[in-house]
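> Sharing a structure here in structure tokens format.
Every read-out reported here was derived from the displayed coordinates using simple, explicitly stated rules and does not represent laboratory data. Nothing here was measured: the structure is a model prediction, and the numbers come from that model. As a convention, Cβ positions derive from the backbone with ideal geometry for all residues, glycine included, and neighbour counts pool all protein chains shown.
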Amino acid sequence: MTRLAFVGGGNMARSLIGGLLKTGVAAAAIRVAEPGAEAREALGRDFGVACYAENRLAVAEAEIVVLAVKPQIMPALQAELREPLQRSRPLLISIAAGVRIDQLERWFGHTLPVVRCMPNTPALIGAGATGLCANGRVGPAQRAQAQHVLDATGLTRWIEDEAQMDTVTALSGSGPAYFFALVEALEAAAVAQGLPRDTARALAAQTCLGAGRMLAESGEDPAELRRRVTSPNGTTQAALESFRDDGLAGLVARAVAAATRRGAELAEQLDRAAPDAAPGSH
């Protein structure tokens with residue numbers, strides 16, 4: 001039985017734990033470190049997993065350690081976790097947005113196998129999209145383990161060049177917010193045309209859900225699906241021409257580029273704010 005430890009028991013950790021239990025992982029194989037007493041109680045009650053206030057106790061003897069904390073918390077874990085992680089050398093999985101593999105190696109030790117992941121919020125309902133990349137110490141069996149952990153909440157894709165993880169963050173990590181913004185705009189536009197707000201919201205949300213399912217389940221190219229629903233000189237063509245004239249493609253490209261740049265900037269800021277590992281502790 002593979003022993004897993006989660007450092008941080010927030011929403012994303014809860015979604016991963018719930019998904020893993022559904023795949024047959026035993027609750028007895030999972031430990032969680034969570035500083036909040038109420039959150040620890042809820043995790044134990046809801047999932048039957050062992051919960052600890054101290055990170056060291058949770059990660060002891062774990063074969064896989066999932067760092068499920070906010071990026072700014074990560075450097076503070078160094079003093080507490082570096083020594084025990086170097087002793088047991090588990091597979092280290094980080095779901096902290098923007099935290100690079102070299103930063104994780106510097107804080108927790110250069111000998112650890114490390115997988116960096118970028119999940120998104122639909123993982124909370126089992127419909128996530130996660131990009132993963134690994135350092136050179138992650139072997140095939142550990143890649144499979146990491147993928148199994150993240151598969152518990154949705155689709156996973158390996159990214160071989162870590163530099164592309166900022167683009168993954170901009171695409172799928174931030175992408176749900178783009179979708180919500182589109183639904184907001186569709187709702188507002190329909191209300192402006194006289195449709196009741198509750199009806200506009202329901203129709204916009206269901207339309208986007210249905211279109212997403214068609215794209216994911218059909219395997220068709222999105223351009224082909226778009227062509228099928230666009231009749232010559234019809235209503236859809238009129239709307240798409242308006243999108244084209246207003247530069248939708250360029251707008252989206254600039255937005256994703258801006259988010260990609262910001263991801264890289266946040267990692268650099270974390271570098272400047274975080275203390276280096278103790279000299280000689282590799």
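> If each residue's Cβ is checked for other Cβ atoms within 10 Å, how do 143, 272, 100 rank with the fewest at the top?
So the residues, fewest neighbours to most, are 272, 143, 100.
> If eta is 1.306 mPa s and T is 10 °C, what Stokes-Einstein diffusion coefficient results for region 174-246, Kirkwood Rh from Cα pairs, in µm²/s?
The calculation lands on 117 µm²/s.
> Now a separate question. Can you put 187, 83 in order, fewest other beta carbons within 10 Å first?
83, 187
> I've got another one for you. With Kirkwood's inverse mean 1/r over C-alpha pairs for Rh, give me the Rg to Rh ratio of the chain, two decimals please.
1.04
> So, counting K/R as plus one and D/E as minus one, what does the shell of residues with Cβ under 13 Å around residue 256 add up to?
Value of the local net charge: +2.
> I would also like to ask the following. Using the Cα centre as the reference, give the magnitude of the dipole from point charges on the C-beta atoms of the chain (Lys, Arg: +1; Asp, Glu: -1; all else neutral), rounded to the nearest 20 debye.
360
> Where the centre of each part is set by its Cα atoms, how far does region 136-169 sit from region 186-228, in angstrom?
31
> Here's another thing I want to ask about it. List the extent of the Cα atoms of region 4-165 along each of their three principal axes, largest first, rounded to whole Å.
Rounded to whole Å, the extents work out to 40, 35, 28 Å.
> Follow-up. For each of 20, 248, count neighbouring Cβ atoms within 10 Å of the residue's Cβ, then give the residues from fewest to most.
In order of increasing Cβ crowding within 10 Å: 248, 20.
> Between residue 6 and residues 5 or more places away or on another chain, which pairs have amide H atoms under 5 Å apart, with H built 1.01 Å from N, and which residues are they?
Long-range HN contacts for residue 6: 31, 32, 33, 66.
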